[in-house]
Amino acid sequence: MQSRKWFYRQLFSYMPAFFIVISFIFFVFFQLLSDQSRKEAVKANETLLLQAMSSIDASLKTIEQMLMTKMLKNTDISAFYNRGTQNDYYMNIKLVEFMNGFKNAYPLVDSIYFVRTKDSFILSSATSSSLRDYPDYPFIRPYINQEMKDVGWTSVRNFEEFSIKGPKRVVTLALKAPFLKTGQGFLVVNVSADAINNSIASMYSQDVSYIHILDESGRDILPINEAAKKQNIVSSAISPVTGWEYQSGLMNGKWFSVANQLYNIWFMLGILMILAGVAWIVYAAKKNYRPIEQIVTQVQKFSQNKATTLLHGNGQDEFTFLQTAINQMLEQSNSYQRQYREDLHVKKAYLFQQLMEGQHFTRPEEWEAMRNTMQLNDFAKRQVACVVEMDKYAQFCSLFTQQDQYLMKFALKSVIQETAQEHGSFAWSEWVSNDALGVLLQVEEPGNQIAEILDHARRWVEEHLKLTVTIGAGGTASSFSEIPDSYAQAQQALKYKMILGDNRIIFYDLLEKEEHGGMFDYFQLVHSIAQSFRLGKEEWREKYKTLIRSIEQNLLSSDHILSLADYLIYSIGREMNKMTKEYQELWEHAGRSLLQEAVQVSDTLEQVETGFEEALGRFYGELQQIQETRNHSETIRRVREYMDLNFANPDLCLDLLSDRFSLPSKTLSKLFKEETGQKFVDYLIELRIGYAQDLLARTDLTVQEIAEEVGYVNAISFGRMFKKIVCLSPGEYRDQVIRENRDMTAL
């Protein structure tokens, strides 16, 4: 209790002088920096103003350009003005969909409506009416009467389409439609003034700065409070796009001037207080030294022999004596704490599990109370959650006895903790499953320090324990509430062990956050592999290698890889079900089981690739043997080869093949279905559409030219069949391929 009194005595003796002196030094220093701060504030305001103006101008210009582009390219808009009628509901619905889509794409847009002058008709996203009955007719009338031309974006005005909603403050752009001709009407777009304000609100703090935007008539476009109107204008600029004037300044900027004027007064007071503070500290030091003498005397009286031992060295002062005595007491206390912690390991493991799952400690104070007792991590410092997973655990269990397994797991846990200590860190580790060790690292500098600790531990385990581990490391947690997220990230990182390999460290932050390419592309490739199997084509091997390369490049997780493996097994099974019973029985007894076994015994992508390829090759060989024993297998193979070379012949049909291969057309059709699992016409369509997809992707040929290249005389019939198979028109498919190529180039 006396030590605490002495602490307060020291605190009240020194701290007042310290804070007074530092406070006056701070104010003097503040005055020296005030002028520079004002200059920087003015420069920052100018930069803010230009950024806000550029952002708004770019948004308005983009809206105007996109509207012009749509008016040029959108056939529905041209049809609306050239031959549209008020009763053409289908066209009106398509234009309403266009307006809604445009508003969704550009959130600044409040409303759009089309004006057709030939029949005085107006169509908006919410209603349609005659020109004179539309509430915004007073605004559009000068444009129709050609009293206003090419004025660009208007000043702020009130737009009220429905009286029940009330007026909205908007700026408007009216474009002739179509704008390259004399025009049959106008397209009017209204941009919300509130939306403009929201778009730049995140650029600055309204408690520090303000921005005014005045239109050409001097009216405020953005809402502004009375306090901002009273402030001085620091920066201003005129927009080259809209002609609006942008003004900005600082809130409460007058206090800087007042503080600067008091510079000399603060400086003199600061010097005086420094001198007074020094004098006070000297006086307090002399006065507060007396309790130290009393403490030393009491310790010496308590045990003369002990005190003699502590003061054995020559030249030791009172503080060294006290420090030595306190260190011995602390050492004894730590011994008791170590004995107590040995009984707390089970509770620590339970707390670790709760912490990783986010089910405990809603307040940091609760954790601090337990941390002091159990010597756990300090949440005031940054934490990184990791999961250390033992590789080939089934093999590990088969090689070592139960006792040896426990010893090696204890060694693994210990090496993690000791390695962290060697690198100036602290690690809390607990086993979270039979083959996984959860680790919570307390670090000073995340990044290189974490990598060094984990790599050091990984290499030590590989060298001395004769086993390997793969470590998943999550992101840095700045507070205890972020630790469950870091732990989840570490577990997610381990899911990439299958593709990246074992015996390594996988950092979640270094992984791609989004896998390139959608799963739909992989499913198409898997389906193509299954079809090649059914048709007995050797090209399935190249497609399989393409699938593996794509998985490696896009860093798919183990969950996605296993899903693709299951889908490949399902797809081949579905294709085999189209064949005769002999093929189906072979798949059920040989093919499916081989592939499923390859998935179960694989831990990495390399193992999956090897196991699957061997299983697929063995099953494919057995399929070939069956096909060779069938009487008409060779004939159907030659028919397929002839179709592969001559599918572009528009006269290719069953009758032509029947004459060429000396088989009745019905017999040929039946044999073709039995051998390939597919009808003749379906196989021919598949060949033609597949080659057409390739031409659309790699050439600039027109749709008519491509239709003739693949055996269709009529482009309309070709387009209808293409959309039925691909679910996209030829033009839409080409646009999709162009977008995908552009996205891949950007990546």
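Any read-out appearing in this document is the output of simple, stated calculations on the displayed coordinates, not a laboratory observation. Because the structure is predicted, anything quoted here is derived from the model rather than measured. Don't worry about glycine lacking a Cβ; one is built from the backbone with ideal geometry, like all the others, and counts go over all protein chains shown.
Results, tabulated for the structure shown:
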{"quantity": "Extension gain from Lys70 to Arg660, taking 0.36 nm per residue of separation minus the Cα-Cα distance", "calculated": "207.0 nm"}
{"quantity": "Isotropic mean projected area of the C-alpha convex hull, the range 67-140 (nm²)", "calculated": "5.0 nm²"}
{"quantity": "Rel. contact order, % - alpha carbon contacts under 8 angstrom, at least six apart, the range 519-629", "calculated": "26 percent"}
{"quantity": "Difference of contour (0.36 nm per residue) and Cα-Cα distance, Glu582 to Ile238", "calculated": "115.7 nm"}
{"quantity": "Summed side-chain charge close to Leu728 - residues other than Leu728 whose Cβ falls under 10 Å, Lys, Arg +1, Asp, Glu -1", "calculated": "0"}
{"quantity": "Three-way shape call for the range 153-212 based on the alpha-carbon gyration tensor, with the a/c threshold at 1.5", "calculated": "oblate"}
{"quantity": "Equivalent-ellipsoid semi-axes of the range 633-746, from the Cα gyration tensor, Å, largest first", "calculated": "31, 14, 12"}
{"quantity": "Spacing of the two label points (7 Å from each Cα toward its C-beta) at Glu46 and Leu330, in nm", "calculated": "5.6 nm"}
{"quantity": "Relative exposure of Thr702, Thr324, judged by other C-beta atoms within 10 Å (fewest first)", "calculated": "Thr702, Thr324"}
{"quantity": "At R0 = 51 Å, FRET efficiency that the Cβ-Cβ distance of Leu272 and Gln206 yields, to 0.05", "calculated": "0.80"}
{"quantity": "The range 448-605: proportion of alpha-carbon pairs further apart than 29 angstrom, %", "calculated": "35 percent"}
{"quantity": "Estimated FRET transfer efficiency when R0 is 51 angstrom, pair Ser717-Lys61 (beta carbons, to 0.05)", "calculated": "0.70"}
{"quantity": "Under 15 Å from the Glu606 label point (7 Å along Cα→beta-carbon), backbone N, the range 457-495", "calculated": "468-470"}
{"quantity": "Förster radius 35 Å - calculated FRET efficiency between Arg83 and Ser550 (Cβ-Cβ, nearest 0.05)", "calculated": "0.15"}
{"quantity": "Local net charge near Met356, Cβ-Cβ under 14 Å (Lys/Arg +1, Asp/Glu -1)", "calculated": "-3"}
{"quantity": "Debye-sum result for the range 344-510 in log10 I(q)/I(0), which assumes one identical scatterer on each alpha carbon, at q = 0.17 Å⁻¹", "calculated": "-1.01"}
{"quantity": "Sum of side-chain charges, Ile238 neighbourhood, beta-carbon under 12 Å (Lys, Arg +1; Asp, Glu -1)", "calculated": "-4"}
{"quantity": "Length gained when the stretch Leu465-Thr699 is fully extended (0.36 nm per residue, less Cα-Cα span)", "calculated": "78.3 nm"}
{"quantity": "Likely footprinting exposure, Ser59, Ser130, Ser199, Ser398, fewest C-beta neighbours within 10 Å first", "calculated": "Ser398, Ser130, Ser199, Ser59"}
{"quantity": "Residues Thr580, Thr470, sorted so that the one with the fewest Cβ neighbours within 10 Å comes first", "calculated": "Thr580, Thr470"}
{"quantity": "Rg/Rh ratio calculated on Cα atoms of the range 519-629 (Kirkwood radius)", "calculated": "0.95"}
{"quantity": "Cα coordinate range in the range 404-476, projected on the principal axes (Å, largest first)", "calculated": "36, 24, 18"}
